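Reading through the C-alpha cells given below for one structure.
The values are calculated or read from the model by the stated rules, or taken from the named source; none is laboratory data. Bear in mind that the values here come from a model prediction, so they are computed numbers and not experimental data. In this analysis, Cβ positions are derived from the backbone assuming ideal geometry, glycine residues included, and neighbour counts consider all displayed protein chains. Side chains are part of the model used for accessible areas, which takes the heavy atoms of the whole protein and leaves out ligands, DNA and RNA. Shrake-Rupley method; radii C 1.70, N 1.55, O 1.52, S 1.80 Å.
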Amino acid sequence: MLHNELLKKILLETGTFDRPGLADLLKEIQKKDPNMSIEAYLLKEKKMPEEMLYRIAAQYYKLPFINLKEQPIRQDILFIIPEPIALSHSIIAFDKTADELRVATLDPTNLQTFEFIKRKTNLKMKVYFSCPSSLDVAMKQYRQSLSAELGTLTMLPKKGGEAGKEEEAKLEKLAEDIPIVRVVDSILEHAILEGASDIHIEPTETDVIVRFRVDGVLKPVMTFPKVVASGIVARIKILSNLKLDEHRLPQDGRFKIENPHYKFSMRVSILPVYDGEKIVMRLLSETAKALTFDQLGFNARARAALERNIKKPHGIIFVTGPTGSGKSTTLYSVLGVLNTPKVNISTIEDPVEYRMPGVNQSQVNPKIGFTFAGGLRALLRQDPNVIMVGEIRDEETAGIAVQAAMTGHLVLGTLHTNDAATSLPRLIDMDVPPFLIAFTANIIVAQRLVRKNCPNCIRSFKITARAMEQLREQIDIDTIWSVLQREGTVAKNQKIEETTFWRGAGCSQCNEEGYKGRVGIYEVLEVTPEISEMINAKATAEDIKKLAIKQGMVTMIEDGFMKAVNAVTTIEEILRVTKD
C-alpha cells in the first residue's frame, strides 16, 4: 500500500494532480472519512483503477510496470526467492535469462533485500513495479507448487522393532526430498535476511509454526501443514548429525551455513513436546566483528570507567544480566581491545559464540567432564595474561576465578544477576570470602538490550499529561530527570513535558515494527576503596548501590532515558526491559 505522504508526492510529481486538485481531493476524503487513506479513497470511490494508480507510481520510480495476474511463473524461477521472503518483502521472481533475474515488487526502496537476492543468485537484477492484486495472484503459485510437492511425501510407519529401522530409512529419504530441503532452506535464508537471533519451529495438532526472535522479540513468520513436521525435524537432525530415530529424549547439535558473503554456526536444540518435536536454533555469525564501546552504546562516563579498568594488569571484570542481554558481545568487545600479540588470552565458553583470531577459545563439554572449573584450572597452566570465563555459575568456578585474579591475571566473567550491585552478595553466596571479592573485583557492568528506533520512519512527539501520570506511577521520573540534567543530556531548566522524544512509525524497512537493531543500556559500578570497605563489611546490595549512585553511577533506567532523549530508542522499550 502507498502511504499518504508518498502518494501525495507521486501524484504531484507525475503531474496527475496539481496542488489545488490535490487539496480538493484531500477535502473530499476529509468529508467522507477522515481516517481513510488517499489510496483507499481513490480505489473505493472508483476515481482510478488500481493498475492505473500503480502505473503512475512506477512512472515516479522510473521503473517498468508489470501485471502478473495472467502470467504463470516457472517453478525453478519462483523458488529463487523463498516464499517467506517474497511475502514479507512484497517481491517475486518471475523471469530470468543467463545473467539477469527479473523481479516484481511493491517496494523499490528495499535495497537490503535486493542486495541479499543479488548475492544469493550472482545475477544482475531488473526490477519491475507491480500492484498488490497482481502480486497476490502471483504469490498463490507458491502454495500451489508446494502443495503439489508435499502431496508426494509419504506417511511414516509406526515405531518399534523392524518398523523402527524402516522408519529411520524413510526419515533419511524424507530429509533429502526436494520440498523438505526447500522448506528448511527458505526458513534459514529468511532468518538470516531478517537478522533473527533464534528460530523456533513448533508443532501443533494441525500445523507447524515457525517464529523468529528478531531484536529480542519473538514473532510468527510462517505456517506449514503438519505433513512436513517429521521431514523438517529429520532434515535438521541430519544437518546437525543427531539420531534420526530418537523421538523421546532431548538432543543438542550444531551445523554451519556458509557462502562467500556470510558464515553462520547454528546451535540446535530438539525437545520432545506433546505434538511432536520442537526445534530451537540459535544463529551465531562467525564473520561478526567485535563492536567498539561506542557501538555497544556506552555513555562517556561508563566508557571511561571501563577503559580505565581493562588497563589494570589483574583483577576481575564482571558483566551481568539475564540470558540474551548481550553479555558475551560486551566481553568480546573487551577482548577485542585487549587482544594484541603481547598478551596470551584464553577463554572457556559454553558455547564458543564468536571466533576471535589470536584468542585461544575452549568449549566446555560436561559429557566428558570438561567443565568450567576443570577448564579454568587447565587454562591457568597455559601461562595466560587474560582469562575469560563464559559463565561463573558455581562455587568452584567462582573460587578459581577469584584465585586467578589474586595471582596476577585479568579475569573476565559473566554472572546472572539483575543489576551491578547484586553481583557482589551473589559471589558471597557462592562462598567466596568478602575480603577476596573486595580485593579482586575491578568493575561490574550490568546490562539489557533495547530495540533501536528505525531511522527510516522515526517521528518526534511530546509526552502528554496522561502519559506523564502513568510514568510517575511506574518509576521515579524526577530522580531520573535530575541525573539527565547533571549529565548534560538535557538543559538544567528543561522540563520533561517540553522535551522531544522519538519513535518509529513503522515502515517496510522495519516490517512495520518501528524498531530496527538493538543497543545496550548499562550501569557500570566501579569498585572504589569505599565500595571495597562496604563489601568487606558484608553490606547489602541496596546499600552498595546507594553509595555507587552517590559516587556518580548512572543506573540502567537512567542510561535508557538518555538514549530515549537522544532518539536512539523509546520510553516503552526502556520500561519493557528494566521492569522487575
- Message: Checking the cross-link filter: which aspartates and glutamates have an alpha carbon closer than 13 Å to that of Lys140, excluding same-chain neighbours under 8 positions apart?
- Response: Glu70, Glu83
- Message: I need the fraction of alpha carbon pairs in segment 192-335 separated by more than 29 Å, rounded to a whole percent.
- Response: 33
- Under 16 Å Cα-Cα from Lys538, which lysines qualify once same-chain neighbours fewer than 8 residues away are excluded? Lys546
- Message: Loop only by DSSP, 14 or fewer other Cβ within 10 Å of the Cβ. Give me the GluC sites (Glu not before Pro) in segment 481-580 that pass, ordered by residue number.
- Response: Glu512
- Item | Charge sum, other residues only, whose C-beta stays under 10 Å from His89's C-beta, Lys/Arg counted +1 and Asp/Glu -1 | -2
- Measure nothing but the geometry: give the 0 to 90° angle between the long axis through the Cα atoms of 327-338 and the longest principal axis through the Cα atoms of the chain, rounded to 10°. 70
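For segment 513-580, what class follows from the C-alpha gyration tensor (a ≥ b ≥ c being the square roots of its eigenvalues): rounded when a/c is under 1.5, otherwise prolate if a/b is larger than b/c, else oblate? All intermediate terms of the calculation are to be shown ahead of the outcome.
Values: a/c = 3.43, a/b = 2.70, b/c = 1.27.
Prolate is the answer for segment 513-580, as a/c is 1.5 or above and a/b outweighs b/c.
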- Task: Find how many whole Å separate the alpha carbon centroid of segment 385-407 from the alpha carbon centroid of segment 1-78.
- Result: 63
- Query: So what's segment 411-560 giving for Cα Rg divided by 2.2 N^0.38 Å, two decimals?
  - Reply: 1.28
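Given the DSSP H assignment, sum -39500 (n - 2.57) over each helix run of at least 4 residues in the chain and divide by its residue total; what's the result at 222 nm in deg cm²/dmol, nearest 500? Each step should come with its number before you reach the end.
On the way: 24 runs with 246 residues, N = 580.
Theoretical 222 nm ellipticity from helices: -12500 deg cm²/dmol.
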- Roughly speaking, what is the centre-to-centre gap between segment 498-516 and segment 521-573 when only Cα atoms are used, to the nearest Å? 28
- Kindly work out what percent of the DSSP beta bridges joining two residues of the chain are antiparallel, to the nearest 5. 65
- Query: Which GluC sites (Glu not before Pro) from segment 227-306 combine a DSSP loop assignment with at most 14 other Cβ atoms within 10 Å?
  - Reply: Glu246
- Here segment 14-109 gives, from Cα atoms, an Rg and Dmax in Å of 17.2, 54
- Item | For segment 360-422, convex hull volume per residue from C-alpha positions, Å³ | 97
- Taking the Cα atoms only, what angle lies between the long axis of helix 477-486 and the longest principal axis of the chain, rounded to 10 degrees? 80
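Hey, what D do you get for segment 185-250 in µm²/s if you plug the Kirkwood alpha-carbon radius into Stokes-Einstein at 25 °C and 0.890 mPa s? Please report the intermediate quantities before stating the final value.
On the way: Rh = 12.8 Å.
Rounded, D is 192 µm²/s.
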- Pairing the Cα long axis of helix 132-150 with the longest principal axis of the chain, what angle in degrees results, from 0 to 90 and rounded to the nearest 10? 70
- Message: Give me the one-decimal Kirkwood hydrodynamic radius in Å for the chain, with the sum taken over alpha-carbon pairs.
- Response: 27.5
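Within the accessible area of the chain, what % is carbon and sulfur when the probe is 1.4 Å and the other protein chains stay in place? Walk me through the numbers before you get to the answer.
Numbers: 14310 of 27950 Å².
Ligands and nucleic acids excluded, carbon and sulfur reach 51 percent.
Please express the shape of segment 373-471 as an equivalent ellipsoid: the semi-axes are the square roots of 5 times the eigenvalues of the C-alpha gyration tensor, given largest first in whole angstrom. List each step's numbers first, then the result.
Numbers: eigenvalues 316, 63, 24 Å².
Here the semi-axes work out to 40, 18, 11 Å.
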- Rg (Å, one decimal) plus Dmax (Å, integer) for the alpha carbons of segment 263-380? 16.8, 55
- Compute log10 of I(q)/I(0) for segment 310-349 with the Debye formula, placing one identical point scatterer on every Cα and leaving out solvent, at q = 0.14, 0.35 Å⁻¹, to two decimals. -0.36, -1.37
